[in-house]
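Quick notes on the structure that follows.
The values are calculated or read from the model by the stated rules, or taken from the named source; none is laboratory data. Everything numeric in this text was worked out from a predicted model, so none of it was measured. In this analysis, Cβ positions are derived from the backbone assuming ideal geometry, glycine residues included, and neighbour counts consider all displayed protein chains.
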């Protein structure tokens, strides 16, 4: 035990900073967000996870942002061109509901053949918009890029020209697939060497980066959080009525684009093993018709419900309507749907992909299936439903993943990178 202080000694004078200095707030950081993954009126769910993180950063921290989100040029917004038409329909400039200003410059992109030139074309097309921002008084302190290729590589080109530092955030496929390809991989490696830091949204993604020889000193893990105000429990029967999902039997849910990587075919096959259950798929994509054919072929079409993708504010009703969320993806980074479902009080059964193990750390609110086997997934669903968690327990688990600490960590990272850049440019 430390000895008690001798109170007979005169007190030591402690210098007090002037009042103005004591109340002075740190300078605001001006961040230029550069990413092709950002929502618009034409593609309302495209890159919504980037916007969500950004909204919380601006709300919680002294950061001013502008977003430059390049879009491939396409000549027509006619619906007959499918997803390509959304490129043409994307507004040239936009102000989101949060007040964030976004520009969508157009760049040349030839599918497949143009991949190697994509970063250069993006950077070239974005430059006029960046100059316009500077002329209107927005001088960025750093660039915050999301997705390593082509976005991060393009951001490196822009940062070089502006003479400012940049940070890249990896999301999953950019590390697990693109960074391992010969051409994109070389350019990603160069961008990583130039970056002030590379953010991973999970520990598993950091491990994948280390396997690619990214310098560990540059990698920072800043996971995604969950918005507990937006995602919250609502009455289950009312939610089912709202979705047109009334009926008998437990309801399983799958949320995501109808693409091979999400493997909703496995979720549909689970219905064969659970004859009393129904499955609600929410999403759009090229596999809609094949998935319906698959359900008919294995005799479960009458227990399959499909609904188009919906705004985030409506997803609470989908999560709350379900008894269990299924995550059957073949690969993921940080699957936000897991925490969103838990925040609405609904437990999760997920394949062992991406950061699932970092999220489902309590077996009472979620089960992890290690092999892609419909029997094992069905068994996990049955085990979880035999002793379903209280909604409040699932929500408390989701609350462990708050946004405030993530925003604070992101601000600290920005300031550290800016300070290192300034020190590197200071004359000896």
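Applying the condition of being touching a residue at least 40 places away in the same chain (Cβ under 8 Å) and in contact with a strand residue (DSSP E or B) (Cβ under 8 Å, 6 or more places away or on another chain) to segment 280-313 and asking which residue is farthest from residue 344 (Cα to Cα) yields 303. When restricted to residues that are farther than 19 Å from residue 123 by Cα, in contact with a helix residue (DSSP H, G or I) (Cβ under 8 Å, 6 or more places away or on another chain) and not in a loop (DSSP other than H, G, I, E, B), segment 66-80 contains 1.
Okay, residues lined up against (1) buried (at least 20 other Cβ atoms within 10 Å of the Cβ); (2) modelled with pLDDT under 95; (3) part of a loop (DSSP other than H, G, I, E, B); (4) under 21 Å from the mean Cα position of the chain (by Cα):
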| site | (1), (2), (3), (4) |
| --- | --- |
| 188 | yes, no, no, yes |
| 192 | yes, no, no, yes |
| 199 | yes, no, no, yes |
| 205 | yes, yes, no, yes |
| 220 | no, no, no, yes |
| 227 | no, yes, yes, yes |
| 230 | no, yes, yes, yes |
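For residue 116, the criteria (1) over 21 Å from residue 73 (Cβ atoms); (2) at pLDDT below 95 hold in every case but one, which is (1). Taken residue by residue, segment 264-276 has no member that is more than 15 Å from residue 327 (Cα to Cα) and in contact with a strand residue (DSSP E or B) (Cβ under 7 Å, 6 or more places away or on another chain). Being closer than 30 Å to residue 144 by Cα, modelled with pLDDT of 95 or more and in contact with a helix residue (DSSP H, G or I) (Cβ under 8 Å, 6 or more places away or on another chain) is true of residue 338.
Comparison of 125, 145 shows that the only residue that is assigned by TED's automatic domain parsing to the domain that holds residue 181 and either in contact (Cβ under 8 Å) with a residue 60 or more places away in the chain or within 16 Å of residue 188 (Cα to Cα) (or both) is 145. Of all residues assigned to segment 353-363, none qualifies as being at pLDDT 95 or above, assigned by TED's automatic domain parsing to the domain that holds residue 266, closer than 19 Å to residue 237 by Cβ and in contact with a helix residue (DSSP H, G or I) (Cβ under 8 Å, 6 or more places away or on another chain). Under the condition of being out of contact with any strand residue (DSSP E or B) (no Cβ under 9 Å at 6 or more places or on another chain) and either surrounded by 16 or more Cβ atoms within 10 Å (Cβ to Cβ) or touching a residue at least 60 places away in the same chain (Cβ under 8 Å) (or both), the residues counted in segment 239-255 number 2.
A quick yes/no check of all residues on (1) in contact (Cβ under 8 Å) with a residue 40 or more places away in the chain; (2) in contact with a strand residue (DSSP E or B) (Cβ under 7 Å, 6 or more places away or on another chain):
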site: 138; (1), (2): yes, yes
site: 155; (1), (2): yes, yes
site: 159; (1), (2): no, yes
site: 179; (1), (2): no, no
site: 184; (1), (2): yes, no
site: 196; (1), (2): yes, yes
site: 204; (1), (2): yes, no
site: 226; (1), (2): yes, no
site: 234; (1), (2): yes, no
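Can you name the residue in segment 364-386 that is out of contact with any helix residue (DSSP H, G or I) (no Cβ under 7 Å at 6 or more places or on another chain) and part of a loop (DSSP other than H, G, I, E, B) and, of all such residues, is farthest from residue 205 (Cα to Cα)? Checking each candidate, the answer is 373. Residue 25 fulfils the conditions (1) at pLDDT below 90; (2) over 24 Å from residue 334 (Cβ atoms); (3) touching a helix residue (DSSP H, G or I) at 6+ places or on another chain (Cβ under 6 Å) except for a single criterion, (3).
Among all positions in segment 375-393, there is at least one residue which is without any contact (Cβ under 8 Å) to a residue 40 or more places away in the chain, crowded, with 19+ Cβ neighbours inside 10 Å and in the same structural domain as residue 344 (by TED's automatic domain parsing).
Do we find that residue 406 is at pLDDT below 95 and within 17 Å of residue 203 (Cβ to Cβ) in this structure? Against the criterion (at pLDDT below 95 and within 17 Å of residue 203 (Cβ to Cβ)), residue 406 qualifies.
Selection over segment 81-115 of residues that are under 21 Å from residue 146 (Cβ atoms) and not in a helix (DSSP H, G or I) gives a count of 20.
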